[in-house]
1. May I ask you to list pairs of residues, at least six apart or on different chains, whose Cβ atoms are under 9 Å apart, with the first in region 334-362 being part of a loop (DSSP other than H, G, I, E, B) and the second being among the charged types (D, E, K, R)?
2. Tell me, please, whether a residue that is in contact (Cβ under 8 Å) with a residue 40 or more places away in the chain, among the aromatic types (Phe, Trp, Tyr) and crowded, with 17+ Cβ neighbours inside 10 Å can be found in region 402-422.
3. Cβ-Cβ under 6 Å, sequence separation 6+ or interchain: first residue in region 169-193 and over 21 Å from residue 307 (Cβ atoms), partner small (Gly, Ala, Ser) and assigned to a helix (DSSP H, G or I). Which pairs?
4. So residue 366 ticks every box in (1) out of contact with any helix residue (DSSP H, G or I) (no Cβ under 6 Å at 6 or more places or on another chain); (2) closer than 19 Å to residue 120 by Cα but one. Which box is left unticked?
5. For residue 137, state whether it is surrounded by fewer than 16 Cβ atoms within 10 Å (Cβ to Cβ), within 23 Å of residue 70 (Cβ to Cβ) and without any contact (Cβ under 8 Å) to a residue 12 or more places away in the chain.
6. Among the numbered criteria (1) at pLDDT 90 or above; (2) buried (at least 24 other Cβ atoms within 10 Å of the Cβ), which single criterion is violated by residue 57?
7. If we keep just the residues of region 5-34 that are part of a loop (DSSP other than H, G, I, E, B), surrounded by fewer than 24 Cβ atoms within 10 Å (Cβ to Cβ) and small (Gly, Ala, Ser), which is modelled with the lowest pLDDT?
8. Just one of 106, 113 is part of a helix (DSSP H, G or I), touching a Ser or Thr at 6+ places or on another chain (Cβ under 8 Å) and within 23 Å of residue 439 (Cβ to Cβ); which is it?
Amino acid sequence: MSDEPAAKASPQGALPRILGLFDATMIVVGSIIGSGIFLKVGNVDKALQAYGFLPILGVWVGVGLVTLCGSLALAELGAMYPHAGGPYLYLREAYGRLPAFLWGWTEFWVVRTGSVGALACATVIYFNELVPLPVWGQAGLAVGIVLGLSAINMFSTRWGATVQNIATVTKVVFLGGLIVLPYAMSQVEPANLQPMWNDAAGGTSSLSFWKAIGVAMIAVLWPYDGWINLGPVAEEIKEPQRNVPRALALGLGIVIVVYCGAILSYHLTLTTSHLADSATVAADVFQRLFGSTGAKIAALGVMCSTFGATNSNMITGPRIYFAIARDGLIPRWVQEIHPQRQTPANAIILQAVWTTILVVFFYCWKDKPKDAFDGLTDSVISAGLIFYSMAVGAVYVLRFKLPDLVRPYKTWGYPVTPALLLIAYAGAFTSQLVEQLQQTVGVVVLIMSGIIYYFLASRR
């Protein structure tokens, strides 16, 4: 039994610890498994189909293991600083207030709100497979999802966690069916995995191979995005020194196993060339198994997955803005806790408003809902590569600055495991610069504008 104080006994200005290990694990799994395993598979296969199945599977496994390495570092930091804000706190303690503020600044303007918007768009894309809507109707539904989930989480953290738990369990069950059913119904074709490795395409000795790896890795980073989301809610987790590391390890382990199973199932059911040209791989698999009805079932399953991931980001984002407001770098009203609901209501409202603006903007700017989704996800990854690396690097900095500080959990494999993520992310950022220069430059400009705001705010 935990000795954490009850919600009513929480000190003024603190969020109540009401989330257990299962809740925390579901936040990790729910934050990561969303749209990417359904909407980014074609990007990976298109980049690597010339080289065989093993490089395709290798990218999914490799990015998963790299992400796990990063989560081990975040577990140490989360156990040290079990308070709202997560990476914002880690960056503040390691590098100072300015880099920490820039993290929160970018989270609000791009990363968190962009993730919420992208996932809401993904939910609508698959809803449109069931009930066709005009573009304005799809935009309205995406906004409705954002506002509806905001209202739930503003009303009760427990309600938000319950929605998360149900959605996460459902999506894992759906993915389990996606993995198992092709075998159970004898619809697998091992010949689809050939060639396992195509030496004729050049292999590891070819520059084009490594360029393709970089492109594929960028695509897979989105399906694994969200692994950093547990830190912002650490203040509301019971026994955070124990449960934060456990939830991160358990959550990432589940995700890696599920993703590898899904990729294998996709390729045993459909050819690599089919997958490379498909934007709805889950629907294609279920259509082969069950006909047109199967495609509708798949749409419901994917909707549940993206809906849950939307909610997970809805939970975590406001805690970051809440922490920044505590430091006085944004208006103090953002940190106000609802007196009855005990939720960061103002921060939730702020996030909902800007996310709504982003969704409407991208729907007006892009020709297709899928293009709106891709535009939002590309922006998120560009910014995430910079600040996720800094958050993981904080482990090294704090080991040097504060060697005697109590660490309830220490990073397994230190100093090697955090370095693996940093090296991988440096490679991915280089690929991003080559492939999406304008997108990356735009993110850098946004970060620079945050520096201007910071110094203006500091003078007040």
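The values are calculated or read from the model by the stated rules, or taken from the named source; none is laboratory data. The shown structure was predicted, so the numbers you read here are calculated from the model rather than taken from an experiment. Counting neighbours? That spans all protein chains shown, and the Cβs are built from the backbone with ideal geometry, glycine included.
1. 342/8; 344/319; 344/336
2. yes
3. 182/265
4. Single failed check for residue 366: (1).
5. No; evaluated as a whole, the condition is false for this residue.
6. It fails just one condition, (2).
7. Filtering region 5-34 for residues that are part of a loop (DSSP other than H, G, I, E, B), surrounded by fewer than 24 Cβ atoms within 10 Å (Cβ to Cβ) and small (Gly, Ala, Ser), the one modelled with the lowest pLDDT comes out as 6.
8. 113
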